[in-house]
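Novice: Here it is, the structure in full.
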Amino acid sequence: MLIYESGLLKVRKLEIKDNIFLVKWLSDPSVLEFYEGRDNPFDLDKVNKLFYSSEDDEVRCIVEYDNKAIGYIQFYKLDSETSMLYGYKTELTELIYGTDQFIGESNYWNKGIGTLLVTSMINFLIENKKADYVVMDPQARNVRAISCYEKCGLKKVKILPKHELHEGEYHDCWLMEYRK
């Protein structure tokens, strides 16, 4: 099911047949450097468990460019626990959405597609889900992702110390925010 389209970019709901793409991407050390960890490669079983049997509220999607599957994005309304962790008041009446994404096909890196993806997702969440904020929490050392998000209008809000366990160590992450 198509979520939205922006030029050659399409974002559609994840289908079971997409598990082969996820296995390929999530066993590639260059992708795993910042997403899940190089010490945490995925096989078909792990992909099926994590991406297809979960009962959470994440909307999982495949990113296509020029009709080729090239990456993954998920979006979700922040729950009260995450809202508090990020420093938002739980009684906040605004809607806050989070996203996580990666381009799994490295030959599509550094071509502006990530910027197009993040910008179009922000627009989708604001226009269609009535989001007031869109937040992300990249690792502080992920300079390329942070630069992309800043190009898309997200601002660094605060450091989240030792926020993410990655390759056996806890890493600081930036809370980044886009306000409507």
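The values are calculated or read from the model by the stated rules, or taken from the named source; none is laboratory data. Values in this document were obtained by computation on a predicted structure and should not be read as measured data. Every residue, glycine among them, receives a Cβ derived from its backbone with ideal geometry; neighbour counts consider all protein chains shown. Accessible surface areas use protein heavy atoms only, side chains included; no ligands, DNA or RNA. Shrake-Rupley method; radii C 1.70, N 1.55, O 1.52, S 1.80 Å.
Novice: List the number of the failed condition for LYS89; all other conditions in (1) modelled with pLDDT under 95; (2) surrounded by fewer than 14 Cβ atoms within 10 Å (Cβ to Cβ); (3) within 27 Å of SER27 (Cα to Cα) hold.
Specialist: For LYS89, the failing item is (3).
Novice: Next up: Take THR99 and tell me if it is assigned to a helix (DSSP H, G or I) and either farther than 23 Å from GLU58 by Cβ or at pLDDT 95 or above (or both).
Specialist: Numbers: assigned to a helix (DSSP H, G or I): no; either farther than 23 Å from GLU58 by Cβ or at pLDDT 95 or above (or both): yes.
Against the criterion (assigned to a helix (DSSP H, G or I) and either farther than 23 Å from GLU58 by Cβ or at pLDDT 95 or above (or both)), THR99 does not qualify.
Novice: A further question on this structure: Please go through segment 10-36 and give me each residue that is surrounded by fewer than 17 Cβ atoms within 10 Å (Cβ to Cβ) and among the aliphatic types (A, V, I, L, M), ordered by number.
Specialist: ILE16, ILE20
Novice: Looking at segment 112-121, is at least one residue among the polar types (S, T, N, Q), touching a strand residue (DSSP E or B) at 6+ places or on another chain (Cβ under 9 Å) and open to solvent by 70 Å² or more (accessible area, probe 1.4 Å)?
Specialist: Among the residues of segment 112-121, not one is among the polar types (S, T, N, Q), touching a strand residue (DSSP E or B) at 6+ places or on another chain (Cβ under 9 Å) and open to solvent by 70 Å² or more (accessible area, probe 1.4 Å), which makes the answer no.
Novice: Within the set of pairs 6+ apart or on separate chains, which have a first residue in segment 37-56 that is open to solvent by 80 Å² or more (accessible area, probe 1.4 Å), a second that is at pLDDT below 95 and in a loop (DSSP other than H, G, I, E, B), and C-beta atoms under 7 Å apart?
Specialist: Pairs that qualify, where the first residue is open to solvent by 80 Å² or more (accessible area, probe 1.4 Å) and the partner is at pLDDT below 95 and in a loop (DSSP other than H, G, I, E, B), are ARG38/GLU167; ASP39/GLU167; ASP39/GLY168.
Novice: Sticking with this one: Taking ASP66, is it closer than 22 Å to ASP137 by Cα and of a type in the set (D, E, K, R)?
Specialist: No, not satisfied.
Novice: Of the residues in segment 125-141, how many are surrounded by fewer than 20 Cβ atoms within 10 Å (Cβ to Cβ) and under 26 Å from GLY7 (Cβ atoms)?
Specialist: The total comes to 5.
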